[in-house]
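Participant: Just dropping this structure here.
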Amino acid sequence: MSSDQSSEAMKSSQLIERQASEWGLAALTISAVLVTAAPIVLVLAVEVWSSSCRNSGPVRLHAWLARVGVAVALTMACAAIGFGTTAVRYAMNRNQPAGLAVGGLSLSVAALVLWLITAIALLNTTESLLDIYGR
């Protein structure tokens, strides 16, 4: 009975020790996807502008899809910052290595900045097309 309790205590202490790494890895993964997608979306904005349909229906669809996509990306960037902050706090409070935590938080902030720039470009493009081709 005593060995079962000690093995469970050891497993739970190992889980507590890994929390900073897991939160940091979550922030790093989410923000890496966002950083990779931002330049692709900027190229998409240029393509939408240069080869957009001249009817108001597809332009409205592009505008709504852009709004939804930007909202999702910015929400994910904020979530990644939250995960990174949680990872740094766990690492500081428990004297754990903070490499993944700091990396995740740093890349999350970079992802948020990139997506703010991307959001401005993409939404400006789609709103301009709406003004030109009708709402």
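The values are calculated or read from the model by the stated rules, or taken from the named source; none is laboratory data. Since this is a predicted model, take the numbers as computed values, not measurements. Ideal geometry is used to build each Cβ from the backbone, glycine not excepted, and the neighbour counts take in all protein chains shown.
Participant: Just give me the residues in the stretch 57-79 being surrounded by fewer than 16 Cβ atoms within 10 Å (Cβ to Cβ) and either of a type in the set (Lys, Arg) or more than 27 Å from Val102 (Cβ to Cβ) (or both), in sequence order.
Facilitator: Gly57, Pro58, Leu61, Trp64, Leu65, Arg67, Val68, Ala71
Participant: Looking at the stretch 45-56, which of its residues are surrounded by 18 or more Cβ atoms within 10 Å (Cβ to Cβ) and either under 27 Å from Ala80 (Cα atoms) or of a type in the set (Asp, Glu) (or both)?
Facilitator: Ala45
Participant: Still on this structure: Starting from residues that are surrounded by fewer than 21 Cβ atoms within 10 Å (Cβ to Cβ), hydrophobic (A, V, I, L, M, F, W, C) and closer than 12 Å to Gln19 by Cα, keep the ones in the stretch 89-117 and report whichever is farthest from the chain's Cα centre (by Cα).
Facilitator: It comes out as Met92.
Participant: Just to be sure before I move on: is Ala110 under 14 Å from Ala37 (Cβ atoms), modelled with pLDDT of 95 or more and of a type in the set (A, V, I, L, M) in the structure I sent?
Facilitator: Criteria met by Ala110.
Participant: A further question on this structure: For the stretch 113-135, name all the residues that are among the hydroxyl-bearing types (Ser, Thr, Tyr), modelled with pLDDT under 95 and touching a helix residue (DSSP H, G or I) at 6+ places or on another chain (Cβ under 7 Å).
Facilitator: The answer is Thr125, Thr126, Tyr133.
Participant: So Ile30 fits all but one of (1) at pLDDT below 95; (2) touching a helix residue (DSSP H, G or I) at 6+ places or on another chain (Cβ under 6 Å); what number is the exception?
Facilitator: Only one criterion in (1) at pLDDT below 95; (2) touching a helix residue (DSSP H, G or I) at 6+ places or on another chain (Cβ under 6 Å) is unmet by Ile30, namely (1).
Participant: Same structure again: If you check every pair at least six apart or on different chains, which have Cβ atoms under 8 Å apart with a residue in the stretch 115-135 that is touching a residue at least 40 places away in the same chain (Cβ under 8 Å) first and a residue that is surrounded by fewer than 14 Cβ atoms within 10 Å (Cβ to Cβ) and part of a helix (DSSP H, G or I) second?
Facilitator: Thr125/Val46
Participant: Do we find a residue being at pLDDT 95 or above and within 13 Å of the chain's Cα centre (by Cα) anywhere in the stretch 48-68?
Facilitator: No, that holds for no residue.
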